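Enquirer: Structure incoming, see below.
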Amino acid sequence: MSRTYLLEQVEDVAVVQYYADGFDELPLDQKILAWHLYQAALAGRDIYYDQRYAHALDMRRTLEAILRANPPDSGAAEPGTGNREPRTVIDSIRQYTKLFWINSGPHNNLTSRKFVLKCPPARFRAAARAATARGAEFPTKPGETLDQLLDRLEGAFFDPAVDPLVTNKAPADGRDLLEASANNHYDGVTMADLEGFTERHPLNSRLVKRDGRLVEEVCRLGERYGDLIARIVGRLRAALPYAPAPTREALERLIRFYETGEDADRQAYDIAWVRDADAPVDTINGFVENYLDARGVKGAWEALVYYVNERKTESLRRLAEAAPWFEARMPWDPRWRRPDVVGVTARAIDVVVETGEAGPVTAIGINLPNDQRVRERYGSKSVSLANINEAYEKSQLPAYRQEFCWTPEEVTRAERWGAIAGEATTAIHEVLGHGSGRVAPSLDGQPQLALREQYSALEEARADLVALYWVADPKAAEVGLVPAEHQDEIVRTEYEAYARNALVQLRRMREGTTIEEDHMRNRQMIVHWLLAHTPAIERRVRDGRTFYVVVDFTAFREGCARLLHEVQRIKSEGDYAAARALFEAYGIHFDPALRDEIVRRVDRLNLPSYTGFVQPTLEPVTDAAGHITDVKVSYPLDLESQMIAYSAERRAPSAVQ
Ligand SMILES: [Zn+2]
């Protein structure tokens, strides 16, 4: 059965539906548990909007009021046709609002830069007035008129110079990095103010300056976001009776943390969550990652609900069990092989909802908790989001592959095997890659101190090379990671995709001539090293278009082994000079003319550069007495109706418990 993944393209965003196959087969208790956790995930969604930008919620409510008064006429834009030019002012508002929902505010998720509403302010005002005439309600403050509201938000909606960056870790003009960042973790606070100030709640508070004094507004019941947190806690309580004992323990700790906001309670929750290693249905809910904060301290709120994908987890388990076999045969100096290797316990999961910082733009793998003290003593949980991975792969436009593949056979291979090849290498990267190898005793287990800013890219390269090397080994088929009869094709597909990616990823670097992001550096480095030192890849040009063509798969694999030997040596010995030389030569700098060519090709085809997801909808079925007898999953296939429904959820009194 073919089903729709790619729903529409809005500017450079692909809007994609993902599916929760397997939810229907869960036992009733697990479905009900998932339902309550799903409600808890939706209940906190607005926290993140507010953390991201102080005006975001008023902006969203204004936009939604206008759109609710102007429902979409016909179907959405056809997939693959790209973004149509908006024809009317409502079209233009609708397009902006979709970007706003996908990015949880007016700043781009990846670049941090603000995007603005493109219709004239007067037309926007007229649309808002017309909506009022049709009964729309706007988020005016007591005594505030609609015009005053629109005046208040005008800079946020229309002026690119107002709050241009949501997070600015290195302001070019020497400004304070908190002042230069538009997010709402701080109000009126500079880095200088923080000298000599100790935060009691570093992760879960907003810092404000009032009458010259620093005040921590703690995110907890009865304080900052107290009403939203009360809703989350209510949903979590409703989930408790359906949770197995270890999950219930973790949820109770989480509730306690939301009540007190104390770091000790957060840590107790982290520990209980890690200990609940076998939960068939699990959630992440809280103040988790700190990328949004330029200081890297405050936690952005997020929530996910997921269940284990047993079939895919089984092959990860077998891979982890075989870790000692692989370690004993790693293609590097035997001195750097670990005698005591244990594979990371990783699980493949299917998500049913991701909110806050976790969605609609989402990661494909998560490893938590972030608290290093908890990780060292109690370990961590690593999950790969199988159904998100699938949706990414299935929604990719054929034009992408056609544009960058050298032959039609390469295109066919990519379509047929791309998903399974990507999954297999990701699994090896995570389960075997990062945990493998050992370092010289003189480094005291901390090679990052010796390798400094080169460490992350080197470590990612090491894990990628482990994956590229082993995916081609019969053992990978033996543990069930790939079907033996198709392994050759799968390996070709992976090597070709890996080489192509070094070209295609240049589209993201529209400015400058160097790469900052570590994963991107690592991929450039590997491909360019192979180009320079092996006959595996050829650079070819046809009709003024550049291609990286894998011509010798054996040489590709052998090249990976040679490079891995050296990369492991660099890590094990903490050889900073060699790491630096390697990345300077192959990973950091790129040819701007080649980048310009790639950007032209991508733009001409109007290909998206990132993805926002439409999620499954859960709905309980109840009997006459109000008991839940089943939970149904459905797929809205439409961003707007889902986002409007999520926001309505926020206003509605709590429905089924
Ligand atoms: Zn990695």
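Enquirer: Tell me, which residue of the range 204-246 that is part of a loop (DSSP other than H, G, I, E, B) and either touching a helix residue (DSSP H, G or I) at 6+ places or on another chain (Cβ under 7 Å) or at pLDDT 95 or above (or both) is farthest from Asn183 (Cα to Cα)?
Expert: Pro244
Enquirer: Also: Take the residues in the range 456-479 that are more than 15 Å from Leu563 (Cα to Cα), buried (at least 17 other Cβ atoms within 10 Å of the Cβ) and in contact (Cβ under 8 Å) with a residue 40 or more places away in the chain, then tell me which one is nearest to the ligand (Cβ to nearest atom).
Expert: Only one residue fits best here, namely Val471.
Enquirer: Can you tell me how many residues in the range 626-655 are part of a loop (DSSP other than H, G, I, E, B), among the hydrophobic types (A, V, I, L, M, F, W, C) and at pLDDT 95 or above? Before you say what the answer is, go through the steps one by one.
Expert: Start the filter on the range 626-655 by keeping residues that are part of a loop (DSSP other than H, G, I, E, B), which leaves 626-627, 635-638, 652-655.
Okay, now just the ones that are also among the hydrophobic types (A, V, I, L, M, F, W, C), so 637, 652, 655.
The next check asks that each one be at pLDDT 95 or above; those that pass are 637.
Looking only at that region, the number is 1.
Enquirer: Among Glu409, Glu430, Glu423, which is more than 16 Å from the ligand (Cβ to nearest atom) and acidic (Asp, Glu)? Walk me through how you get there before you give the answer.
Expert: Working: Glu430 fails: more than 16 Å from the ligand (Cβ to nearest atom); Glu423 fails: more than 16 Å from the ligand (Cβ to nearest atom).
Just a single option satisfies the conditions, and that option is Glu409.
Enquirer: From the list Ile570, Ile588, Ile515, which residue is at pLDDT below 95, away from the ligand (no atom under 16 Å from the Cβ), surrounded by 21 or more Cβ atoms within 10 Å (Cβ to Cβ) and β-branched (Val, Ile, Thr)? Reasoning before the result, please.
Expert: On the way: Ile570 fails: at pLDDT below 95; Ile588 fails: surrounded by 21 or more Cβ atoms within 10 Å (Cβ to Cβ).
Unique residue meeting the criteria: Ile515.
Enquirer: Same structure, new question: Take the range 258-284 and flag every residue that is in contact with a helix residue (DSSP H, G or I) (Cβ under 8 Å, 6 or more places away or on another chain), assigned to a helix (DSSP H, G or I) and not aliphatic (A, V, I, L, M).
Expert: Hits for the range 258-284 are Tyr258, Glu259, Asp265, Arg266, Gln267, Tyr269, Asp270, Trp273, Arg275.
Enquirer: From the list Arg523, Arg539, exactly one residue is more than 16 Å from the ligand (Cβ to nearest atom) and among the charged types (D, E, K, R). Which is it?
Expert: Values: Arg523 fails: more than 16 Å from the ligand (Cβ to nearest atom).
Criteria check complete, one pass: Arg539.
Enquirer: If you don't mind, there's one more thing I want to ask. Applying the selection to the range 109-136, what residues are charged (D, E, K, R), part of a loop (DSSP other than H, G, I, E, B) and at pLDDT 95 or above?
Expert: We begin by selecting, within the range 109-136, every residue charged (D, E, K, R); these are 113-114, 118, 123, 125, 129, 134.
Those still in the list that are part of a loop (DSSP other than H, G, I, E, B) too: 118, 134.
Within the range 109-136, none qualify.
Enquirer: When you look at Ala399, is it under 23 Å from Asp488 (Cβ atoms), away from the ligand (no atom under 16 Å from the Cβ) and among the hydrophobic types (A, V, I, L, M, F, W, C), yes or no?
Expert: Numbers: under 23 Å from Asp488 (Cβ atoms): no; away from the ligand (no atom under 16 Å from the Cβ): yes; among the hydrophobic types (A, V, I, L, M, F, W, C): yes.
Taking the combined requirement at face value, the residue does not satisfy it.
Enquirer: Taking the conditions exactly as written (touching a residue at least 40 places away in the same chain (Cβ under 8 Å), among the small types (Gly, Ala, Ser) and more than 15 Å from the ligand (Cβ to nearest atom)), does Ala497 satisfy them or not?
Expert: Values: touching a residue at least 40 places away in the same chain (Cβ under 8 Å): yes; among the small types (Gly, Ala, Ser): yes; more than 15 Å from the ligand (Cβ to nearest atom): yes.
When the stated conditions are applied, Ala497 passes them.
Enquirer: Restricting attention to the range 445-455, report how many residues are crowded, with 20+ Cβ neighbours inside 10 Å and of a type in the set (S, T, N, Q).
Expert: 1
Enquirer: Next question, about the same structure. Which residues, counting only those in the range 23-80, are assigned to a loop (DSSP other than H, G, I, E, B) and either polar (S, T, N, Q) or at pLDDT 95 or above (or both)? Steps first, please.
Expert: Here is the first cut: in the range 23-80, the residues assigned to a loop (DSSP other than H, G, I, E, B) are 23-27, 44, 53-55, 70-80.
Phe23, Asp24, Glu25, Leu26, Pro27, Gly44, Tyr53, Ala54, His55, Asn70, Ser74 - these are the residues of the range 23-80 that are assigned to a loop (DSSP other than H, G, I, E, B) and either polar (S, T, N, Q) or at pLDDT 95 or above (or both).
Enquirer: Moving on. Inside the range 111-145, can you point out the residues that are closer than 29 Å to Thr611 by Cα, exposed (fewer than 14 other Cβ atoms within 10 Å of the Cβ) and either in contact with a helix residue (DSSP H, G or I) (Cβ under 7 Å, 6 or more places away or on another chain) or among the aliphatic types (A, V, I, L, M) (or both)?
Expert: Matches in the range 111-145: Lys118 only.
The values are calculated or read from the model by the stated rules, or taken from the named source; none is laboratory data. A quick note: this is a predicted structure, and the numbers were derived from the prediction, not measured. Heads up, the Cβs are rebuilt from the backbone with ideal geometry, glycines too, and the neighbour counts pull from every protein chain shown.
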